[in-house]
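The values are calculated or read from the model by the stated rules, or taken from the named source; none is laboratory data. If you're wondering where the values come from, they're calculated on a predicted model, not measured in any experiment. Don't worry about glycine lacking a Cβ; one is built from the backbone with ideal geometry, like all the others, and counts go over all protein chains shown.
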Amino acid sequence: MSRIKSAVLIHYAEKDERINAMWPAYEASLKANGITHEMHTYPGTQHGFHNNSTPRYHEPSAKLAWERTVAHFRRHLA
């Protein structure tokens, strides 16, 4: 974690218990290492909600996640 030098953007599905269970420890580590980060959870989604080749695809959330990703890149890579 201490080797991360850029801002981190995290997109989580609401219904992804295994991944979401790791968030508190991950967030604590990000904070402890002074890493700029932003996390979003997308209601009603499952892991892989942005992958349009699976039945888990959730178009409104995928589009919002993409918009947030592009904005993040513009903010931090400009």
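Taking region 38-78 as the search range and keeping residues that are of a type in the set (A, V, I, L, M, F, W, C) and surrounded by 11 or more Cβ atoms within 10 Å (Cβ to Cβ), which one is nearest to residue 17 (Cα to Cα)?
From region 38-78, those of a type in the set (A, V, I, L, M, F, W, C) are 39, 49, 62, 64-66, 70-71, 73, 77-78; that's our starting set.
With the extra rule that they be surrounded by 11 or more Cβ atoms within 10 Å (Cβ to Cβ), the set shrinks to 39, 49, 62, 64-66, 71, 73.
Values: 39: 16, 49: 14, 62: 19, 64: 21, 65: 19, 66: 22, 71: 27, 73: 28 Å.
If we take residues in region 38-78 being of a type in the set (A, V, I, L, M, F, W, C) and surrounded by 11 or more Cβ atoms within 10 Å (Cβ to Cβ), then 49 is nearest to residue 17 (Cα to Cα).
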### Task
All but one of (1) assigned to a helix (DSSP H, G or I); (2) touching a helix residue (DSSP H, G or I) at 6+ places or on another chain (Cβ under 6 Å) hold for residue 66, so report the exception by its number.
(2)
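Check whether at least one residue in region 2-12 is in a helix (DSSP H, G or I), surrounded by 13 or more Cβ atoms within 10 Å (Cβ to Cβ) and not aromatic (Phe, Trp, Tyr), and report yes or no.
First, the residues of region 2-12 that are in a helix (DSSP H, G or I): none.
No, region 2-12 contains no residue that is in a helix (DSSP H, G or I), surrounded by 13 or more Cβ atoms within 10 Å (Cβ to Cβ) and not aromatic (Phe, Trp, Tyr).
Residue-wise test of (1) more than 15 Å from the chain's Cα centre (by Cα); (2) modelled with pLDDT under 95; (3) of a type in the set (Phe, Trp, Tyr).
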position	(1), (2), (3)
1	yes, yes, no
12	no, no, yes
17	no, no, no
30	no, no, no
35	no, no, no
42	no, no, yes
53	yes, no, no
61	no, no, no
73	no, no, yes
